[in-house]
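One structure is given below, represented as structure tokens, and several questions about it will come after.
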Amino acid sequence: MTISMIKARGISVSLDLTVGHIADMAVEGGGRQLKPLHRAPWVDANETLPDNLPEGTVRLSGDFLCAPFSRSDVEEAPLHGWPANSAWDVVDSAATGDGWRAIYRLRHKVMGASVDKILTLRDDHPFLYQEHVFSGGHGAISVAHHPMTAMTGGGRLAFSPKRFAATLDDPLEPDPARGRFMLAYPARSADLSHFPAAGGGTLDLTEYRMDDRREDFITLVEADHGGPGWTALARQAEEDLVLVLKNPAELPITMLWLSNGGRDYAPWSGRHLGVLGIEDGRAAVGHAASIGDNWLKREGMATAFALGEGQSVSFRHVIGAMPLSGGEPPREVTTADGRMWLAAGGSSREVPFDSDFLRIGRPAAA
């Protein structure tokens, strides 16, 4: 494994160059080192894995770029595409006046496009700032980030305003001999605290319970609110807050992957516990579905970026972590003038944040 590490005051990030996954992220806060991102238990276990696994599953870690998201059924590639499964090279990596900036390039082309990953850290900012740039190419590509966090005692979730949440036609694990799920498929609700459950009744999407053994996948569609899209997870046992932010014009949906012992076959083997994927994307499930007709397009959501010779498209994303006591996520997140304010109850918290980074209000390329 080849690792590229970048760091600034109070934060460090390591990238696994063999697959482009973030292998580790550490944030200093409250006299502790916070570790917001998950690494699958088999990655460093030196165990024999099934032969047919994509390399991205073998090295499943942290966050990675999916291009396309899910099935590669237009151009031949593994699950989630070459950016999640193959090598990246360091183009540049150096300290800046206020932190660190690194540029990585994918060795494979995606639909003929070259792909760059730009990671930026800033001194005393508890955030990783990411940008991906597709240059040239043809056709269209769906994309998603795939950050994963894990917790040992569950957590509470809060979100920027969403129009609704919806499940797919079929669950990830329909065979009870292989796994289990708890949400109804297909189903839809505008109330995230009352989503239809598989056995009747409803479940609260704002609560992650460790005793719910499940493998569930649900899509949240952003409302038109004019601010950054965000997901906040207050991890109970870890006593911290994990934050994921996006520009909704670029990445209009957030897909939640609840993976808590819900798969019984290797390499998952019932041990993939407390994991939450917070997957901001411009995608349907599968490349062909994303560029064709799909239910999200019918709701007015873009599900791919158009590529073209002499053109480039880019999108940005932010992952952060900070100490939190009390276990409640913010109800409102606002950014301006180099700061972020997180409001919960009657109090507000302020942290350094590059408020220009997500370019809110800037229309995304078609």
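The values are calculated or read from the model by the stated rules, or taken from the named source; none is laboratory data. Since the model is a prediction, treat every value here as computed from it, not as a measurement. Here the Cβ positions follow ideal geometry from the backbone for every residue, glycine too, while neighbour counts run over all protein chains shown.
Working only within the stretch 187-216, note down all residues that are surrounded by 17 or more Cβ atoms within 10 Å (Cβ to Cβ) and among the hydrophobic types (A, V, I, L, M, F, W, C).
192, 195, 198, 203, 205
Show me the strands (runs of 3 or more DSSP E) found entirely inside the stretch 275-343 where at least 3 residues are surrounded by fewer than 21 Cβ atoms within 10 Å (Cβ to Cβ).
Strands (runs of 3 or more DSSP E) meeting the threshold: 312-323, 332-336.
Same structure again: Do we find that residue 205 is farther than 30 Å from residue 323 by Cβ, in a loop (DSSP other than H, G, I, E, B) and in contact (Cβ under 8 Å) with a residue 40 or more places away in the chain in this structure?
no
Can you pull out the strands (runs of 3 or more DSSP E) entirely within the stretch 126-195 that have at least 1 residues that are more than 20 Å from the chain's Cα centre (by Cα)?
127-136
For the stretch 80-88, indicate whether the set of residues that are surrounded by fewer than 15 Cβ atoms within 10 Å (Cβ to Cβ) and modelled with pLDDT of 95 or more is non-empty.
Checked the stretch 80-88: no residue is surrounded by fewer than 15 Cβ atoms within 10 Å (Cβ to Cβ) and modelled with pLDDT of 95 or more.
Can you name the residue in the stretch 11-36 that is of a type in the set (A, V, I, L, M, F, W, C), touching a residue at least 40 places away in the same chain (Cβ under 8 Å) and closer than 16 Å to residue 121 by Cα and is also surrounded by the most Cβ atoms within 10 Å (Cβ to Cβ) among such residues?
Applying the filter and picking the extreme gives 15.
Given the residues 51, 73, 63, which is the only one that is buried (at least 17 other Cβ atoms within 10 Å of the Cβ), farther than 18 Å from residue 271 by Cβ and not hydrophobic (A, V, I, L, M, F, W, C)?
63
Please work out which residue is modelled with the lowest pLDDT, limiting yourself to the stretch 344-356 and to residues that are in a loop (DSSP other than H, G, I, E, B) and touching a Lys or Arg at 6+ places or on another chain (Cβ under 9 Å).
Only one residue fits best here, namely 345.
How many of the residues in the stretch 109-126 are surrounded by fewer than 17 Cβ atoms within 10 Å (Cβ to Cβ) and closer than 20 Å to residue 17 by Cα?
Residues flagged as surrounded by fewer than 17 Cβ atoms within 10 Å (Cβ to Cβ) and closer than 20 Å to residue 17 by Cα within the stretch 109-126 amount to 2.
Can you confirm whether residue 220 is free of Cβ contacts under 8 Å to residues at least 24 places away in the same chain, surrounded by 15 or more Cβ atoms within 10 Å (Cβ to Cβ) and not polar (S, T, N, Q)?
In short, no.
Another one. Based on this model, can you work out whether residue 184 counts as over 16 Å from residue 154 (Cα atoms), touching a strand residue (DSSP E or B) at 6+ places or on another chain (Cβ under 7 Å) and surrounded by fewer than 18 Cβ atoms within 10 Å (Cβ to Cβ)?
Here the answer is no, as residue 184 does not meet what is asked.
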